[in-house]
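The values are calculated or read from the model by the stated rules, or taken from the named source; none is laboratory data. Source: prediction; values computed, not measured. Note that each Cβ is placed from the backbone with ideal geometry, even for glycine, and that neighbours are counted across all protein chains shown.
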Amino acid sequence: MNATALPQHVSAGNGGRSARRRSAGRSTVKLIVTEAKLFVREPLGAFFGVIFPAALVLILGAAMPGFDEPSADIGGRRPIEFYLPITLALAIGTVALVNLLNALAADREKGVLRRLSTTPVSPIRLLVAQIVVNVAALLLGSGLALLAAVLAFGVEARPDVPGMLVAFVLGSASMAALALLVAAFTPTSRAATGIGSLVYYPMLFAAGVWTPGPLMPDAVRRVADFTPLGAASQALQDAWSGDWPQPLHLAVLVGSTVLFGGLAAKLFRWSS
Amino acid sequence: MTVIEVSNLQKRYGDQVAVRDVSFEVRPGEIFGIVGPNGSGKTTTVECLTGLRQADGGTIRVLGLDPTRDRAELRHQVGIQLQESHLPDRLKVWEALDLYSSFYAEPADWRALMDELGLTAKRNTVFAKLSGGQKQRLSVALALVGNPRIAVLDELTTGLDPQARRDTWQLVRDVRDRGVTVVLVTHFMDEAERLCDRLAVVRAGEVVAIATPAELVARTELPGVERPTLEDAVLALTSPTATGRTATSPN
Ligand SMILES: Nc1ncnc2c1ncn2[C@@H]1O[C@H](COP(=O)(O)OP(=O)(O)OP(=O)(O)O)[C@@H](O)[C@H]1O
Ligand SMILES: [Mg+2]
């Protein structure tokens with residue numbers, strides 16, 4: 001054996017192992033930074049993830065007559081107030097089924113995941129980095145939407161903050177799991193985008209984007225309770241008005257995360 | 001001592017047999033070539049020996065490790081350049097090298113590698129805007145950035161201009177001189193002749209000869225051809241009408 005190869009071999013002992021741990025930490029940070037850069041360089045995606053929820057609040061508030069005036073239909077509350085948690089659900093659905101799903105499907109189709117699987121880093125770490133970046137975008141987007149509502153329309157609220165966070169995290173988890181599942185059983189990135197939007201619009205409907213709050217017919221709500229984004233929206237609405245989310249909604253979120261995530265883990269292929 | 005041992009490797013995709021029976025050994029520090037027609041199973045073979053695909057039959061040992069069972073360990077020791085590999089469209093050259101070097105405990109200096117492969121001028125260019133040859137060079141750089149003990153290069157120079165091919169050959173020699181064992185899949189006979197210490201010739205998923213390029217040429221007798229080239233030799237071995245195996249092929 002060539003002498004120069006020897007030191008590398010020897011260092012695969014203890015020194016090598018701690019060097020590997022160090023490199024694992026370093027690579028995780030680099031993966032997240034890289035994914036964040038790629039997210040920002042995709043202008044449309046960055047727009048939908050970060051700007052869209054706030055833009056929606058502002059546009060609806062400004063364009064819809066009576067949007068920030070108390071309405072008898074909904075017990076004297078202002079539409080803008082119960083529309084806010086729905087906007088957050090919309091942001092979760094959009095980031096998961098548009099940003100995350102497209103990034104994932106494109107990476108697989110182009111062989112990025114396969115290329116990565118030849119290195120010591122598992123492609124799972126890339127998925128985690130993508131989810132971290134997308135959730136960060138989501139938090140930012142939601143924060144901007146809340147800020148817009150407070151600044152532009154003087155919305156006041158006494159939300160149940162822990163309940164809000166639980167609903168937000170569980171909602172994001174179940175929608176990310178759904179996006180992984182769609183990516184798992186669509187062979188190409190075109191198919192993933194297509195199926196993604198087939199799932200996206202019914203999800204928005206279930207979340208009450210078109211029939212917010214009390215305007216949603218009861219029968220529809222009973223179905224919507226059992227969809228991930230519908231349950232997330234309901235849980236966010238409850239927490240927004242100061243109550244702890246209903247157990248049914250939290251159970252639906254946990255259950256769908258486990259079900260979709262488990263199926264996705266079984267079905268997902270690193271290369272198409 | 002051998003670095004890679006493959007015996008009676010078999011791999012099917014559904015009904016399609018990609019590798020019927022492949023056996024070879026690679027010695028430390030050599031540049032081992034694999035040549036053969038399109039679809040003869042070269043890529044499938046190197047994918048099995050790097051653990052990217054699971055073999056249906058036979059045994060493989062790479063640095064004494066089983067590529068399927070010891071996949072994680074092998075990833076640290078083997079650098080791979082895939083025939084078809086891509087990076088995200090909007091990732092810049094330097095970012096890719098920096099990222100990939102962070103995956104390894106003792107990486108090579110990626111800036112030096114970027115320089116050696118003539119990519120420094122393109123360091124801020126995103127992957128989608130690189131030419132085919134530049135993508136290929138980046139792919140080679142990424143295979144070497146982890147300071148591997150074995151480098152597996154599948155169609156290393158396809159798409160490169162003549163000068164870049166020469167530069168890449170020199171790079172492979174330099175890498176070998178550092179003690180790295182190289183497995184090289186190629187369609188270029190001049191490359192095989194100048195670069196490879198030994199060659200495995202495959203046809204329809206079977207090894208039909210293993211020898212040095214010079215031996216393969218010396219062994220070839222073609223009616224009407226006075227001084228056969230390596231290409232003549234390989235074509236004679238792999239043409240559909242060629243039968244049997246040559247004297248020095250395994251078993
Ligand atoms: N993912 C796959 N699914 C199904 N069949 C495949 C797959 N990959 C390769 N094959 C088939 O297996 C056989 C061997 O393919 P392989 O890619 O190993 O050939 P190769 O020698 O590398 O060819 P080339 O010189 O064209 O790169 C071919 O007949 C091919 O059609
Ligand atoms: Mg091939």
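Given the criteria of a type in the set (S, T, N, Q) and away from ligand 2 (no atom under 16 Å from the Cβ), does B:Q16 qualify? No. Which residue out of B:T229, B:T246, B:T241 is at pLDDT below 95, hydroxyl-bearing (S, T, Y) and in contact with a strand residue (DSSP E or B) (Cβ under 9 Å, 6 or more places away or on another chain)? Testing whether each residue is at pLDDT below 95, hydroxyl-bearing (S, T, Y) and in contact with a strand residue (DSSP E or B) (Cβ under 9 Å, 6 or more places away or on another chain) leaves just B:T246. Of all residues in segment A:254-272, exactly one satisfies the criterion of being basic (K, R) and within 14 Å of A:T186 (Cβ to Cβ), namely A:R269. For B:P28, the criteria (1) away from chain A (no Cβ under 13 Å); (2) touching a residue at least 12 places away in the same chain (Cβ under 8 Å); (3) more than 15 Å from B:L184 (Cβ to Cβ); (4) not small (G, A, S) hold in every case but one, which is (1). Reported count of residues in segment B:59-87, each being within 21 Å of B:V35 (Cβ to Cβ), outside any strand (DSSP E or B) and at pLDDT 90 or above, is 0. When the residues of segment B:150-168 are filtered to those that are in a loop (DSSP other than H, G, I, E, B) and surrounded by 23 or more Cβ atoms within 10 Å (Cβ to Cβ), the one that is farthest from ligand 2 (Cβ to nearest atom) is B:T157. Quick one: would you say B:R75 is closer than 13 Å to B:I150 by Cα, basic (K, R) and surrounded by 20 or more Cβ atoms within 10 Å (Cβ to Cβ)? Judged against the criteria, B:R75 is a match. Restricting segment B:197-215 to residues that are within 16 Å of ligand 1 (Cβ to nearest atom) and in a loop (DSSP other than H, G, I, E, B), the residue that is nearest to B:V26 (Cα to Cα) is B:G205. Hey, can you tell me all the residues within segment B:102-112 that are assigned to a loop (DSSP other than H, G, I, E, B) and either under 22 Å from the mean Cα position of the chain (by Cα) or facing another protein chain (nearest Cβ under 9 Å) (or both)? B:S102, B:F103, B:Y104, B:A105, B:E106, B:P107, B:A108, listed by residue number. Checking each residue in segment A:117-158 for being touching a residue at least 60 places away in the same chain (Cβ under 8 Å) and within 14 Å of chain B (Cβ to nearest Cβ) picks out A:S117, A:P120, A:V121, A:P123, A:R125, A:L126, A:A129, A:Q130, A:V133. Report whether or not B:D56 is under 15 Å from B:G205 (Cβ atoms) and away from ligand 1 (no atom under 11 Å from the Cβ). Considered against the rule, which asks whether it is under 15 Å from B:G205 (Cβ atoms) and away from ligand 1 (no atom under 11 Å from the Cβ), B:D56 comes out as yes.
Out of B:V126, B:V22, one residue alone is within 16 Å of ligand 2 (Cβ to nearest atom) and over 15 Å from the mean Cα position of the chain (by Cα). It is B:V22.
If you check B:K42, B:K11 for being more than 26 Å from B:G179 (Cβ to Cβ) and either buried (at least 17 other Cβ atoms within 10 Å of the Cβ) or more than 16 Å from ligand 1 (Cβ to nearest atom) (or both), only one passes: B:K11.
Residues in segment B:89-120 that are of a type outside the set (A, V, I, L, M, F, W, C), out of contact with any strand residue (DSSP E or B) (no Cβ under 7 Å at 6 or more places or on another chain) and without any contact (Cβ under 8 Å) to a residue 40 or more places away in the chain: B:E95, B:D98, B:S102, B:D109, B:R111, B:D115, B:T120. The selection criterion, being more than 16 Å from ligand 1 (Cβ to nearest atom) and more than 12 Å from chain A (Cβ to nearest Cβ), holds for B:R123. For segment B:39-58, the tally of residues that are within 13 Å of ligand 2 (Cβ to nearest atom), touching a residue at least 60 places away in the same chain (Cβ under 8 Å) and part of a loop (DSSP other than H, G, I, E, B) stands at 2. Taking the criterion of being modelled with pLDDT of 90 or more, among the polar types (S, T, N, Q) and within 16 Å of ligand 1 (Cβ to nearest atom), the only residue of segment B:155-191 that qualifies is B:T186. Listed by first and then second residue, the pairs with beta-carbon distance under 9 Å, at least 6 apart or on different chains, first residue in segment B:213-237 and of a type in the set (K, R), second surrounded by fewer than 18 Cβ atoms within 10 Å (Cβ to Cβ), are B:R219/B:A247; B:R219/B:T248.
Of the residues making up segment A:85-97, not a single one is in contact with a Phe, Trp or Tyr (Cβ under 7 Å, 6 or more places away or on another chain), within 14 Å of chain B (Cβ to nearest Cβ) and modelled with pLDDT of 90 or more.
Within segment A:126-154, the set of residues being under 24 Å from A:L267 (Cα atoms) and surrounded by fewer than 18 Cβ atoms within 10 Å (Cβ to Cβ) comprises A:V128, A:V132.
For B:V35, the conditions (1) more than 16 Å from ligand 1 (Cβ to nearest atom); (2) in contact (Cβ under 8 Å) with a residue 40 or more places away in the chain; (3) not charged (D, E, K, R) all hold with the exception of (1).
Within the group B:L171, B:L99, which residue is out of contact with any Cys (no Cβ under 9 Å at 6 or more places or on another chain), in a helix (DSSP H, G or I) and either of a type in the set (F, W, Y) or facing chain A (nearest Cβ under 9 Å) (or both)? Answer to the check: B:L99.
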